[in-house]
1. Report, ordered by the first and then the second residue, all pairs with beta carbons closer than 6 Å, sequence separation of six or more or different chains, a first member in the range 38-58 that is free of Cβ contacts under 8 Å to residues at least 60 places away in the same chain, and a second member that is of a type in the set (S, T, N, Q) and part of a strand (DSSP E or B).
2. Can you tell me which residue is farthest from residue 63 (Cα to Cα) among those in the range 77-136 that are without any contact (Cβ under 8 Å) to a residue 60 or more places away in the chain and among the β-branched types (Val, Ile, Thr)?
3. Please verify whether the range 70-82 includes one or more residues that are part of a strand (DSSP E or B) and over 17 Å from residue 119 (Cα atoms).
4. Kindly evaluate residue 91 against the criterion of being assigned to a strand (DSSP E or B), modelled with pLDDT of 90 or more and surrounded by 13 or more Cβ atoms within 10 Å (Cβ to Cβ).
5. In the range 20-72, which residues are basic (Lys, Arg) and open to solvent by 20 Å² or more (accessible area, probe 1.4 Å)?
6. I need the full set of residues from the range 20-36 which are in a strand (DSSP E or B) and more than 11 Å from the chain's Cα centre (by Cα), in order please.
7. I'd like the full set of residues that are of a type in the set (A, V, I, L, M, F, W, C) and under 17 Å from residue 39 (Cβ atoms), limited to the range 82-111.
8. Return a yes/no flag: does the range 95-116 have any residue that is part of a helix (DSSP H, G or I), out of contact with any strand residue (DSSP E or B) (no Cβ under 9 Å at 6 or more places or on another chain), open to solvent by 60 Å² or more (accessible area, probe 1.4 Å) and hydrophobic (A, V, I, L, M, F, W, C).
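The values are calculated or read from the model by the stated rules, or taken from the named source; none is laboratory data. All values derive from a computational prediction rather than experimental measurement. FYI the Cβ positions are ideal-geometry reconstructions off the backbone, even for glycines, and counts take in every protein chain you see. These area figures cover heavy atoms from the full protein model, side chains too; ligands, DNA and RNA do not enter into them. Shrake-Rupley method; radii C 1.70, N 1.55, O 1.52, S 1.80 Å.
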Amino acid sequence: MDNTIELEILGLSSNSAQSGSFTLILGESEGKRKLPIVIGMFEAQAIAIEIEKIIPNRPMTHDLFKSFASNFQFSVDHILISDMREGVFYAKIMCHSSFKKVEIDARPSDAIAIAVRFDAPIFCASSVMTEAAIEFTEEDEKREQEASASGGTGKGAKEKSKSQEASLKDFSLDKLNQMLEKAISNEDYEKAARLRDEINRRN
């Protein structure tokens, strides 16, 4: 599409500046610029569990949207981060049925949570990328990879990650599977993802 840039999800990280919020990092499919967007905890969780392919015991709001769309034979073509005004991002969900095409206004966090469920591409207006994107240097990339590998940023996050991994190693595979079921039942998807990773390492 003209005047748009395709993006991909690079990761999610907790936002130390704003309690209860996360930073969603989007990157150019062909380029080095990255677009960070601060989103709420619920939307971050909705994106993360779909990426991690964790099935909740009850449908989440974005799953419900997909069920409605599928049952009424609408599909999502793509989502577009269309504008940025006074530091606030705006997005549109581009849908179609056999009868018509529809643009639905949405917050970028909701739009992206829906996009991952429909396996729909994410685009951003070139003007928004020019205004809000950050171009990472190779040194920035290296620091980010090191932080990601440690499960967060800073000494405290590294120690916490190591402590969690060590404690999970003490449990048997059967116990880990029981804990995974309980975490999903309690809708604690962050813990479920850690448990799933430990189970996968042993299989």
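1. Here the result reads 38/21; 38/23, each pair linking the range 38-58 to a residue that is of a type in the set (S, T, N, Q) and part of a strand (DSSP E or B).
2. Here the answer is 130.
3. Scanning the range 70-82, I find at least one residue that is part of a strand (DSSP E or B) and over 17 Å from residue 119 (Cα atoms), so the answer is yes.
4. yes
5. Hits for the range 20-72 are 32, 33, 53, 58, 66.
6. Our first condition is that a residue be in a strand (DSSP E or B); within the range 20-36, this holds for 21-28, 33-36.
Residues satisfying the conditions are 21, 27, 28, 33, 34, 35, 36.
7. Initially, the range 82-111 is screened for residues of a type in the set (A, V, I, L, M, F, W, C), giving 84, 88-89, 91, 93-95, 99, 102, 104, 106, 111.
Hits for the range 82-111 are 84, 88, 89, 91, 93, 106, 111.
8. Checking the range 95-116: not a single residue is part of a helix (DSSP H, G or I), out of contact with any strand residue (DSSP E or B) (no Cβ under 9 Å at 6 or more places or on another chain), open to solvent by 60 Å² or more (accessible area, probe 1.4 Å) and hydrophobic (A, V, I, L, M, F, W, C).
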